[in-house]
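Undergrad: Here's a structure for you.
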Amino acid sequence: MRNPLQKRIVRELRTEWKKYLVVSVFMILTIGFVSAIYVTNGSMLATAKNSQSIYYLEDGHFELKKKASAVLQKKIASGEKADIKAYYQKQAYKKIDATIPEADRQAAYKQAEQEIDSEYQKAIDKYDLNDSSFIAQKVKIYPNFFKETTEKINHKSSTIRIYTIRKSINRACVMEGSLPKKNNEIAIDRMHADNAGIKVGDTLKIGHQTFIVSGLVANVDYTALFQKNSDVMFDALTFDVGLVTNRAFASIDTTIHYNYAYKFTNQKGSNSKAAYDFLAALITQTETNNNKIEDFLPAYINQAIQFTQEDMGSDRAMCGMILYILIVVMAFIFAITISSTITKEASVIGTLRSLGYTKKELWNHFMIMPMLVMLFACCIGNLLGYTILKNVVVQLYYNSYSLPTYHTLFSWDAFIQTTAVPLCLMLVIDGCMIHKKLQLSPLSFLRNDLSKAKQPHTIPLRHGSFMHRIRARVFLQNIPAYLILFIGIFFVMLMLSIAMGYQTPCRIIKTMFLL
């Protein structure tokens, strides 16, 4: 005999199709966007990580007051500490030889030794020269000089940091156009160009000169446009990074910053320990060569490099939390709907139970629709996440960060988080609530006596008018429903506040129309 419950599924779907359509569309869009974020986020993080080796990202950089000689660069590259005491002694003896007669020099030398010991002790305390854990970190030094000046276009002014075309370190990914080939051409950051409305072929006034934008690039050491590492937030609108030819760089009339990038040739220890040891050697070498350190910044604490990956990494947790909250809410909506159906058709369920239908068969029947809707939403949502909605999220990321060319990668994690987990949540929540509802006996269903709990003790209301007591009684009897309503409104307002806090909704709508 054919199971008559199967006909009920088709009839319910035919009569309640509007409700299931609305729920399905809502879940498809939610799962689709979250799936797109998971896929794009994972692919973007992989692209950013791979680009560090492809475009030869620095391990850090330092800036000197004066241009380092070839001898000083060689000493710094060795990673060894300089002999500070011998340097102090040499400087003192040189001064004595130049100012004091030969007959009096011995006494002057002895007096100078005491002063040298005092200065050396200060250097030991200042530079931690007696660090027993010091390891010489050999590096390769790359001149990475830059100049800063003003950039003007259409009466808008920004600060631009200009480098020569870098071929050995921190190479640029060309997103549009090409690197400059002529002395009047410049390639600028792609994200800044988008925010400032600059396109390839536009004319920029850099300082007192005019340049033509030859290309838009993404610099591996400026995935987020921080002008200073101490800045709270990057500014892609008023700060830019540009690349020009060597001759054009020399023609820009502004102060040159003697910046040097370094790469460890054989790093020993953690990033922080290696940077600390290298800094100790750098300080002593510059001190003994009449130079001075203006800035020192390892890559692992450089916000222009690390901020993007750290910020994108937090997107997954936030989107996952929002998805699970929505799934739980939808599961409870289905559970309440099914509970209402069970209450309305209690006599039918009692009859089926009396005819021999088990609780398991009825449980399977009531679980089919929510699981089918969720499975359909997961499949279509993931399909949209890998196609149309993925492009929306990619555009959002490119509007926020200066990232290199992106390639989509399949993510099992995204599939599990947006398909397996929602199905499990729906199965557990709805399954438990339906199982609890079906624990009543067939006779209870036939009598429509579906309440297992005893009549709760009512709070006596003796004061106030008759209407006020009625309102109070209704409120007290429906406190659980009001609590659920409050929680639902709270989460809705929270998500709306988060959405309105970002300047992304208009971009999402605009991008969807463009697609």
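The values are calculated or read from the model by the stated rules, or taken from the named source; none is laboratory data. Note that the coordinates shown come from a computational prediction; the quantities given were computed from them, not determined experimentally. Methodologically, a virtual Cβ is constructed for each residue, glycine included, from the backbone with ideal geometry; neighbour enumeration extends over all protein chains shown.
Undergrad: Determine the pairs where a residue that is in contact (Cβ under 8 Å) with a residue 12 or more places away in the chain, located within segment 335-347, has a partner that is of a type in the set (A, V, I, L, M) and in a helix (DSSP H, G or I) with Cβ atoms under 7 Å apart, the partner being 6 or more residues away or on another chain.
TA: Ala335/Ile429; Ala335/Met433; Ile338/Ile434; Ser339/Met433; Ile342/Ile349; Ser347/Leu446
Undergrad: Just wondering, is there one or more residues in segment 51-59 that are of a type in the set (D, E, K, R), surrounded by 13 or more Cβ atoms within 10 Å (Cβ to Cβ) and in contact (Cβ under 8 Å) with a residue 40 or more places away in the chain?
TA: Quick first cut of segment 51-59, residues of a type in the set (D, E, K, R) only: 58-59.
Checking the rest, the ones that are also surrounded by 13 or more Cβ atoms within 10 Å (Cβ to Cβ) come to 58-59.
Checking which are in contact (Cβ under 8 Å) with a residue 40 or more places away in the chain leaves us with 58-59.
Within segment 51-59, one or more residues are of a type in the set (D, E, K, R), surrounded by 13 or more Cβ atoms within 10 Å (Cβ to Cβ) and in contact (Cβ under 8 Å) with a residue 40 or more places away in the chain.
Undergrad: Just checking, which of Ala261, Ala280, Ala224 is within 30 Å of Ile135 (Cβ to Cβ) and buried (at least 23 other Cβ atoms within 10 Å of the Cβ)? Reasoning before the result, please.
TA: Numbers: Ala280 fails: buried (at least 23 other Cβ atoms within 10 Å of the Cβ); Ala224 fails: within 30 Å of Ile135 (Cβ to Cβ).
Just a single option satisfies the conditions, and that option is Ala261.
Undergrad: Continuing with this model, one more query. Anything in segment 283-293 that is surrounded by 14 or more Cβ atoms within 10 Å (Cβ to Cβ) and either in a helix (DSSP H, G or I) or not aliphatic (A, V, I, L, M) (or both)? List them, or say none. Before the answer, list the steps.
TA: Going residue by residue through segment 283-293, those that are surrounded by 14 or more Cβ atoms within 10 Å (Cβ to Cβ) are 283-289, 291, 293.
Once the filter is applied, which keeps residues that are surrounded by 14 or more Cβ atoms within 10 Å (Cβ to Cβ) and either in a helix (DSSP H, G or I) or not aliphatic (A, V, I, L, M) (or both), segment 283-293 yields Ile283, Thr284, Gln285, Thr286, Glu287, Thr288, Asn289, Asn291.
To keep it simple, each residue is scored yes or no on (1) over 23 Å from Ala46 (Cβ atoms); (2) at pLDDT 85 or above.
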site: Gly242; (1), (2): yes, yes
site: Phe249; (1), (2): yes, yes
site: Ile256; (1), (2): yes, yes
site: Tyr276; (1), (2): yes, yes
site: Ala280; (1), (2): yes, yes
site: Ile283; (1), (2): yes, yes
site: Ala299; (1), (2): no, yes
site: Asn302; (1), (2): no, yes
site: Ser314; (1), (2): no, no
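Undergrad: From the list Ile380, Ile388, which one is assigned by TED's automatic domain parsing to the domain that holds Phe26, out of contact with any Asp or Glu (no Cβ under 7 Å at 6 or more places or on another chain) and surrounded by fewer than 15 Cβ atoms within 10 Å (Cβ to Cβ)?
TA: On the way: Ile380 fails: surrounded by fewer than 15 Cβ atoms within 10 Å (Cβ to Cβ).
Result of the check over Ile380, Ile388: Ile388.
Undergrad: Within segment 366-377, track down each residue that is surrounded by fewer than 19 Cβ atoms within 10 Å (Cβ to Cβ) and touching a residue at least 40 places away in the same chain (Cβ under 8 Å). Give the steps one after another, and end with the answer.
TA: The first filter runs over segment 366-377 and keeps only residues surrounded by fewer than 19 Cβ atoms within 10 Å (Cβ to Cβ), leaving 367-368, 371-372, 375-376.
Those that are surrounded by fewer than 19 Cβ atoms within 10 Å (Cβ to Cβ) and touching a residue at least 40 places away in the same chain (Cβ under 8 Å): Met367, Ile368, Met371, Leu375, Phe376.
Undergrad: Can you name the residue in segment 443-495 that is among the small types (Gly, Ala, Ser) and surrounded by 11 or more Cβ atoms within 10 Å (Cβ to Cβ) and, of all such residues, is modelled with the lowest pLDDT? Write out each step before concluding.
TA: Looking only at segment 443-495, we keep the residues that are among the small types (Gly, Ala, Ser), and these are 444, 451, 453, 464-465, 472, 481, 488.
Subsequent filtering for residues that are surrounded by 11 or more Cβ atoms within 10 Å (Cβ to Cβ) retains 444, 464, 472, 488.
Numbers: Ser444: 82, Gly464: 75, Ala472: 81, Gly488: 68.
Step by step, filter segment 443-495, then rank; the result is Gly488.
For every residue, the table says whether it meets (1) farther than 30 Å from Val421 by Cα; (2) not hydrophobic (A, V, I, L, M, F, W, C).
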| position | (1), (2) |
| --- | --- |
| Thr254 | yes, yes |
| Tyr276 | yes, yes |
| Asn289 | yes, yes |
| Thr308 | no, yes |
| Leu326 | no, no |
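Undergrad: So is Leu461 in a loop (DSSP other than H, G, I, E, B), touching a helix residue (DSSP H, G or I) at 6+ places or on another chain (Cβ under 8 Å) and without any contact (Cβ under 8 Å) to a residue 60 or more places away in the chain or not? It would help to see each step written out before you state the result.
TA: Working: in a loop (DSSP other than H, G, I, E, B): yes; touching a helix residue (DSSP H, G or I) at 6+ places or on another chain (Cβ under 8 Å): yes; without any contact (Cβ under 8 Å) to a residue 60 or more places away in the chain: yes.
So Leu461 fits the description; yes.
Undergrad: Here are some residues: Thr405, Thr418. Which one is assigned to a helix (DSSP H, G or I) and among the polar types (S, T, N, Q)?
TA: Checking each option against the conditions leaves just Thr418.
Undergrad: Only one of Val39, Val71 is in contact with a Lys or Arg (Cβ under 8 Å, 6 or more places away or on another chain) and either assigned by TED's automatic domain parsing to the domain that holds Leu326 or surrounded by fewer than 14 Cβ atoms within 10 Å (Cβ to Cβ) (or both). Can you tell me which? Write out each step before concluding.
TA: Numbers: Val71 fails: in contact with a Lys or Arg (Cβ under 8 Å, 6 or more places away or on another chain).
That would be Val39, the only listed residue that is in contact with a Lys or Arg (Cβ under 8 Å, 6 or more places away or on another chain) and either assigned by TED's automatic domain parsing to the domain that holds Leu326 or surrounded by fewer than 14 Cβ atoms within 10 Å (Cβ to Cβ) (or both).
For every residue, the table says whether it meets (1) over 30 Å from Gly320 (Cα atoms); (2) outside any helix (DSSP H, G or I); (3) not acidic (Asp, Glu).
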{"site": "Ile9", "(1), (2), (3)": "yes, no, yes"}
{"site": "Met27", "(1), (2), (3)": "no, no, yes"}
{"site": "Ile31", "(1), (2), (3)": "no, no, yes"}
{"site": "Val34", "(1), (2), (3)": "no, no, yes"}
{"site": "Ser43", "(1), (2), (3)": "no, no, yes"}
{"site": "Ala48", "(1), (2), (3)": "no, no, yes"}
{"site": "Leu57", "(1), (2), (3)": "yes, yes, yes"}
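Undergrad: What is the one condition in (1) among the aliphatic types (A, V, I, L, M); (2) over 25 Å from Asn271 (Cβ atoms); (3) buried (at least 21 other Cβ atoms within 10 Å of the Cβ) that Ile169 does not satisfy?
TA: Looking at each condition in turn, Ile169 falls short on (2).
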